[in-house]
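Here's the structure we're looking at; comments come further down.
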Amino acid sequence: MKNRQLINLLESVLGTAKNSGNESTFNCPYCNHHKKKLVINTVTEKWHCWVCGVKGIGVERIFKKLGAFEKIPKLKSISKIKTFIKHEDKSEHVSLPLEFIPLVNGTSASPEFRNAARYIKSRGLTKTDVLRYNIGYCERGPYSGMVIIPSYDEDGLLNYFVGRSYYDSTFKHKNPKVSKDVIGLELLINWNKSINICEGMFDAITIGENSIPIFGKFLPKKLKVKIREEKVNQVNIILDNDARKEALQLCEYLMAENIDVKMIEIPEGSDPNEMGSEKIKNLIDTTQSLDFRKIVEMKFGL
């Protein structure tokens, strides 16, 4: 018997479906094929895409991919299965602070909510960004007075998060004490398109689609492996001006892997988030791909 409630919920996230028996077909958010190729069994909740081959059991992963976090409580109330996700055994565990409150659940009666929302707006983020990235805040606890931005892996599991004070504090940043060898915002990445590599979470959100924060200046090992496995064709390196040396090293490494690379040079004293979405995207569009001759010239200031 078809799960009509689930179909209605899926259509509110994925658009109108083609229904046949227990199967509903949608446009795939992973490969964005123009035809409906993502098939979801609304009884077993098994799903797969006929084009890109992505598959799974339990549609919560798809909701997280699309940033539809506000729909997940309803999904859990009507789902008849538990989500079984295969993932490697991890020696480190990361979880959101117990005091984490999604901004979408905040109340204007709370001064902390108002201050967090005001700070998010001052960084150029929108309501859509808040939903897409599941941005929250903490009113108390170790992350009190901080905006929290989570990162999820390809299976929808939390792999990292960043905390940023929304007050004028000496301690502006607080991150979990776990390895940074993760693929930031992996759940939202389409490896069939060019990817943007930047330093921080706010930079990644400002740059937009297919942006990966590396939480520093060096490429994580897991990201190196993923780029190779997915045969990524084009990468834009968008590090701050003070990381020019590290950016050139990244470019050389990726070019040696036969990847088309752009090195986006940020004006001194600025960063992608400060520049804003429109300016940084225009800079990406107008920057030419590198060759090794250009790399040498940049190294020696020629």
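The values are calculated or read from the model by the stated rules, or taken from the named source; none is laboratory data. Here the structure is a predicted model, which means the values were calculated and not measured. Because the Cβ atoms are built from the backbone with ideal geometry, glycine has one as well, and the counts that use them run over all protein chains shown.
PHE215 meets each of the listed conditions (1) assigned to a loop (DSSP other than H, G, I, E, B); (2) surrounded by fewer than 14 Cβ atoms within 10 Å (Cβ to Cβ); (3) of a type outside the set (Gly, Ala, Ser) apart from (2).
For the residues SER24, SER20, SER79, SER12, the requirement of being in contact (Cβ under 8 Å) with a residue 60 or more places away in the chain, at negative phi and among the small types (Gly, Ala, Ser) singles out SER79.
Residues that are assigned to a loop (DSSP other than H, G, I, E, B) and surrounded by 19 or more Cβ atoms within 10 Å (Cβ to Cβ) within the stretch 32-66 comprise THR42, GLU45, GLY58, VAL59, listed in sequence order.
Yes/no per residue for (1) closer than 21 Å to GLU265 by Cβ; (2) in contact with a Leu (Cβ under 8 Å, 6 or more places away or on another chain); (3) touching a residue at least 40 places away in the same chain (Cβ under 8 Å):
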site: ASP129; (1), (2), (3): no, no, yes
site: ARG132; (1), (2), (3): no, yes, yes
site: LYS172; (1), (2), (3): no, no, no
site: ASN190; (1), (2), (3): no, no, yes
site: SER194; (1), (2), (3): yes, no, yes
site: ILE197; (1), (2), (3): yes, yes, yes
site: ILE212; (1), (2), (3): yes, yes, no
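A count restricted to the stretch 261-302 and to residues that are within 15 Å of ASN241 (Cα to Cα), loosely packed, with under 11 Cβ neighbours inside 10 Å and acidic (Asp, Glu) stands at 1.
Within the stretch 143-158, the set of residues being at pLDDT below 95, more than 10 Å from the chain's Cα centre (by Cα) and outside any strand (DSSP E or B) comprises ASP155, GLY156, LEU157. Consider the stretch 252-283. How many of its residues are within 13 Å of ASP203 (Cα to Cα), among the small types (Gly, Ala, Ser) and more than 20 Å from the chain's Cα centre (by Cα)? Residues that pass the stated criteria total 1. Could you say whether any residue in the stretch 99-110 is buried (at least 18 other Cβ atoms within 10 Å of the Cβ) and closer than 25 Å to ASP181 by Cβ? Scanning the stretch 99-110, I find at least one residue that is buried (at least 18 other Cβ atoms within 10 Å of the Cβ) and closer than 25 Å to ASP181 by Cβ, so the answer is yes. You will find that of PHE161, PHE202, PHE113, the residue that is at pLDDT 95 or above, surrounded by 16 or more Cβ atoms within 10 Å (Cβ to Cβ) and part of a strand (DSSP E or B) is PHE161 and no other. Across the stretch 261-302, the number of residues qualifying as under 21 Å from LYS217 (Cα atoms), of a type in the set (Val, Ile, Thr) and modelled with pLDDT of 90 or more comes to 6. Among the residues of the stretch 168-199, those identified as among the basic types (Lys, Arg) and in a loop (DSSP other than H, G, I, E, B) are LYS172, LYS177, LYS180, LYS193.
Select from the stretch 226-260 the residues that are among the polar types (S, T, N, Q), out of contact with any Asp or Glu (no Cβ under 7 Å at 6 or more places or on another chain) and surrounded by 13 or more Cβ atoms within 10 Å (Cβ to Cβ) and write down the one among them that is modelled with the highest pLDDT. So the residue we want is ASN236. Do we find that LEU248 is among the hydrophobic types (A, V, I, L, M, F, W, C) and not in a loop (DSSP other than H, G, I, E, B) in this structure? Answer is yes for this residue.
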